[in-house]
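Right, one structure below, let's go through it.
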Amino acid sequence: MERDIEITDGFITLRPYQMSDIDSLYEAVRESITEVSLWMPWCHSEYSIEESTTWVEGLPERWEMGTSFDFAITKAKNGQYCGGCGLNHLRYDIGLANLGYWVRTNETRKGIATAATLLLARFGFKELRLNRVEIMVAVGNIASLRIAEKSGATREGVLRNRLLLNGEPGDAVLFSFVPQDFRQ
């Protein structure tokens, strides 16, 4: 799959990360540590520009290998960096992927993550020919639960001890999309 893809709904645009995103990514993560670090271990108080650099540098290889498809979320009108989303933990044998998202603190509660979730799920079905896209959310992550619900993903249940949060097992809510959810 080519990395020159852009997906937009006129509100936001998803595009593969570029080296020019490193500083914006770093600034967004640093701004969002208080909110995001509770749920995502990669976002921590010592997060460095080197971590942003290493992560962005590794994305083209993961994209080419088909192990992860990560996108920068930007505003369609001006290209401002808002966060990231991606499909990972791909199981091509059964057509399954995990969908993840995060939005920088000063851009939350604007519908950005919901819009990104819908665009990314459609990408998974259309471009990757997936049969199922899952969203796994820690039971206490109210903001992320709302995003999954607003996007129209089907809530399937609570999975006990499904995630590790700060090194401890925690319960997660499983949501899913299937291709039929996007047929008119």
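In order along the stretch 97-109, phi translates into HN-Hα couplings of 8, 9, 10, x, 7, 7, 10, 4, 3, 6, 10, 6, 6 Hz, rounded to whole numbers, per the Karplus curve 6.51 cos²θ - 1.76 cosθ + 1.60 with θ = phi - 60° and x for Gly and Pro. Stretching GLU2 away from LEU38 to a fully extended chain increases their span by 9.6 nm, per 0.36 nm per residue minus the current alpha-carbon distance.
Database remark: amide H of ILE73 closer than 5 angstrom to the amide H of CYS82, GLY83, GLY84, CYS85 (H placed geometrically; neighbours at sequence offset of 5 or more, or on other chains; Pro and chain starts carry no H).
What trypsin sites (Lys or Arg not before Pro) in the stretch 106-159 are in a loop by DSSP, with at most 11 other Cβ atoms within 10 Å of the Cβ? The qualifying sites are ARG109, ARG129. Take every pair of alpha-carbon atoms less than 8 Å apart whose residues are at least six positions apart; their mean separation over the length of the chain yields a relative contact order of 18 percent. For the chain, the Cβ-based charge dipole about the Cα centre amounts to some 860 debye (Lys, Arg positive; Asp, Glu negative; other atoms uncharged). Relative contact order of the stretch 1-100, taken over Cα pairs closer than 8 Å and 6 or more residues apart, is 28 percent. Each other residue within a Cβ distance under 13 Å of GLU134 adds +1 if Lys or Arg and -1 if Asp or Glu, for a net charge of +2. Taking a ≥ b ≥ c as the square roots of the eigenvalues of the Cα gyration tensor, the chain is rounded, since a/c falls below 1.5. Our coupling estimate for the stretch 143-151, obtained by passing each phi through the Karplus curve with A = 6.51, B = -1.76, C = 1.60 and θ = phi - 60°, is 4, 5, 4, 4, 4, 4, 5, 5, 6 Hz, Gly and Pro reported as x. Taking ALA153, ALA97, ALA76 as the candidate residues, the one with maximal mean-square fluctuation in a Gaussian network model of the chain, Cα springs under 10 Å, is ALA76. A simple count of charges around ALA28, restricted to other residues whose Cβ falls under 10 Å of its Cβ and scoring Lys, Arg +1 and Asp, Glu -1, yields -3.
Straightening the chain between THR105 and GLU127 buys 4.9 nm, computed as 0.36 nm per residue apart minus the Cα-Cα spacing. Looking at the stretch 1-87, the trypsin sites (Lys or Arg not before Pro) that sit in a DSSP loop and have at most 15 other Cβ atoms within 10 Å of their own Cβ are ARG3, LYS77. Taking GluC sites (Glu not before Pro) in DSSP loop states with no more than 12 other Cβ atoms inside 10 Å as exposed sites, the chain has its longest site-free stretch at 47-184.
Given their separation in residues at 0.36 nm each and the Cα-Cα distance between them, ILE142 and GLU168 gain 7.5 nm when the chain is fully extended. Which value in deg cm²/dmol, rounded to the nearest 500, describes the helix-derived mean residue ellipticity at 222 nm for the chain, given -39,500 (n - 2.57) per DSSP H run of n ≥ 4 and division by the residue count? So the helix-based figure for the chain works out to -10000 deg cm²/dmol.
We did not get these values from a lab; they are worked out from the coordinates using the rules stated. Computed from a predicted model, the values in this text were never measured in an experiment. So basically every Cβ, Gly included, is an ideal-geometry build from the backbone, and we count neighbours across all protein chains shown.
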